[in-house]
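The values are calculated or read from the model by the stated rules, or taken from the named source; none is laboratory data. Quick caveat: nothing in here was measured; it's all calculated off a predicted structure. For neighbour counting, all protein chains shown are included, and Cβ atoms are generated from backbone atoms with ideal geometry for every residue, glycine included.
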Amino acid sequence: MSISEASLQGRGLSLWRGDRCLFQNLGFELTNSQWLHVSGGNGSGKTTLLRVLAGLTMPESGDVYWDDRRISRSRFDYHRSMIYMGHLEGLKGDMNPEENLRFHYQLRDKKAGERIEIAIERLGLERCRSLPCRSLSAGQRRRAALARVLVSSATLWILDEPFANLDVKGRELVEELVSEHLEQGGMAILAAHHEMHINGGTRVPLELS
Amino acid sequence: MQTPGMLDAGWALLVRDIKLGYRRIGELANPLVFFLVVATLFPLATSPERELLMEIGPGIVWVAALLSSVLALDTLYRSDMDDGTMEQMALSPQPLAWLLLVKTVAHWLVSGLPLVILAPLVAQAFFLPAEAGPTMVASLALGTPTLSLIGSIGAALTAGLRRGGALVAMLVLPLSMPILIFGARATDLAMDGLDVTGPLNLLAAIMFLALSLGPIAAAAAIRVSLD
């Protein structure tokens, strides 16, 4: 699987929450095989920045550009090439992980069929594939959400605290998956306050204060 | 990667929502039971005289239908907002307005349609003449989808709030008044054996207006709620 050339840019991004400035005049550029490491303490605005980059939150000034086009203007193109995993897993409690994945890709990608099987196996979800998601542990739900990211053939992965609730093996797996994605030419944006050992690709640090 | 067409995506969402609706059968039955209870409260509070009940019957059925549809609104977007599915839908390469329209249709199929079917039963309790029955069902079949569509805007606006229940009612009820007026009027006219095409046409017109503009407003409101 090869990933075509693309670039993501943030130009002059600013956002306030009340009278507190989360970030001001923030800029960065990301191209193939690079990953943006968003770090900073609790409440420094990591999640908000990721939501801005995903196109969920509007910045007060500045814009995010995908292939030199504003994401607010080319929403469908951008959302086709991007997958976002936030704090909420986006899983229906009454459906099992497999049903959840299948439903998600009925809206997104017709050809995801076999990749779903592979992702379930890779994330170690075979044993709970037919259990309703509300009976899964937080870590298992996280794995199901990661399976969704893995199934997508998106160029850009935006992962907010991907390590949350995961055990040591799970963390290593995330690092491995991101590394592989970068080696294939993908891009990633990760927010985490942990150290991360991503072997493939180039790290672009971005620290929020 | 091949993005599915709007119809395929819409069908998948419709099937999912109806399936989820029936997995939570209790939540589904609440508005219906509410409808029956409210309608039966009126004869108890006023008087069981046949003339009076015939007089107020159509109005009561409509008020009960309106209140129960507002009560059902809370389940429309709440769970998708809480578990992050709405976020994912807003980020999918499908038009959000279309997805919300499908969700509203699914919601009407599991909460509005049973109400339309139950209405003749309630009408019996109010001694409504049999010839007014079809008109009442027709007016509800045209009016309740509109209530759901208008309600979906209110539900979308309050979806980001922890407790939106009372606020939704305040937003939606004033906008629903025309539907209430024409709906009750149609049944009234039918009871007197008069022509009912006027109010029914107006109900249909309002439904198409809500069908064309409602989802766009709801999508804008959901994006604000997700912000």
Exercise. If you check residue A:107 against the conditions, is it facing another protein chain (nearest Cβ under 8 Å), touching a helix residue (DSSP H, G or I) at 6+ places or on another chain (Cβ under 7 Å) and surrounded by fewer than 19 Cβ atoms within 10 Å (Cβ to Cβ)?
Worked result: no
Problem set entry | Sole residue being of a type in the set (Lys, Arg) and touching a residue at least 24 places away in the same chain (Cβ under 8 Å), chosen from A:20, A:51 | A:51
Problem set entry | Check on residue A:63, in contact with a strand residue (DSSP E or B) (Cβ under 6 Å, 6 or more places away or on another chain) and of a type outside the set (Gly, Ala, Ser) | yes
Exercise. Of the residues that make up region B:181-204, is at least one surrounded by 17 or more Cβ atoms within 10 Å (Cβ to Cβ), touching a residue at least 24 places away in the same chain (Cβ under 8 Å), out of contact with any helix residue (DSSP H, G or I) (no Cβ under 6 Å at 6 or more places or on another chain) and closer than 18 Å to residue B:61 by Cβ?
Worked result: yes
Problem set entry | Hits in region A:63-93 - residues which are in a strand (DSSP E or B) and without any contact (Cβ under 8 Å) to a residue 40 or more places away in the chain | A:69, A:70
Exercise. If you go through region A:125-132 one residue at a time, do you hit one that is surrounded by fewer than 18 Cβ atoms within 10 Å (Cβ to Cβ), in a loop (DSSP other than H, G, I, E, B) and either touching a Lys or Arg at 6+ places or on another chain (Cβ under 7 Å) or touching a residue at least 40 places away in the same chain (Cβ under 8 Å) (or both)?
Worked result: no
For this session: Tell me, please, whether a residue that is away from chain A (no Cβ under 14 Å), crowded, with 16+ Cβ neighbours inside 10 Å and polar (S, T, N, Q) can be found in region B:45-64.
Result: no
For this session: Search region B:13-39 for residues being farther than 18 Å from residue B:105 by Cα and in contact with a helix residue (DSSP H, G or I) (Cβ under 6 Å, 6 or more places away or on another chain), and hand back the single one that is nearest to the other protein chains (Cβ to nearest Cβ).
Result: B:34
Problem set entry | Unique match (being free of Cβ contacts under 8 Å to residues at least 12 places away in the same chain, within 14 Å of chain B (Cβ to nearest Cβ), over 18 Å from residue A:157 (Cα atoms) and of a type in the set (D, E, K, R)) among A:99, A:60 | A:99
Exercise. With respect to the numbered conditions (1) within 14 Å of chain B (Cβ to nearest Cβ); (2) in contact with a Lys or Arg (Cβ under 9 Å, 6 or more places away or on another chain); (3) closer than 25 Å to residue A:180 by Cβ; (4) at pLDDT below 90, which one is the sole condition not fulfilled by residue A:114?
Worked result: (2)
Exercise. Does region A:180-209 hold any residues that are under 21 Å from residue A:24 (Cα atoms), in contact with a helix residue (DSSP H, G or I) (Cβ under 7 Å, 6 or more places away or on another chain) and assigned to a loop (DSSP other than H, G, I, E, B), and which are they?
Worked result: A:208
Exercise. Tell me, which residue of region A:63-83 that is within 11 Å of another protein chain (Cβ to nearest Cβ) and among the basic types (Lys, Arg) is surrounded by the fewest Cβ atoms within 10 Å (Cβ to Cβ)?
Worked result: A:75
Exercise. Name the pairs: first residue in region B:106-128 and within 17 Å of residue B:188 (Cβ to Cβ), second residue among the acidic types (Asp, Glu), Cβ to Cβ under 8 Å, at least 6 apart or on different chains?
Worked result: none
Problem set entry | Only listed residue being of a type in the set (A, V, I, L, M, F, W, C) and loosely packed, with under 14 Cβ neighbours inside 10 Å, chosen from A:198, A:118, A:189 | A:118
Exercise. What's the number of the condition residue A:50 fails, among (1) facing chain B (nearest Cβ under 10 Å); (2) in contact with an Asp or Glu (Cβ under 6 Å, 6 or more places away or on another chain)?
Worked result: (1)
Exercise. Any idea how many residues of region B:134-180 are modelled with pLDDT under 85 and either in a helix (DSSP H, G or I) or farther than 18 Å from residue B:225 by Cβ (or both)?
Worked result: 2
Seminar exercise, completed: Taking region B:65-118 and keeping residues within 19 Å of residue A:78 (Cβ to Cβ), among the aliphatic types (A, V, I, L, M), within 12 Å of another protein chain (Cβ to nearest Cβ) and in a helix (DSSP H, G or I) leaves B:86, B:89, B:90, B:96, B:99
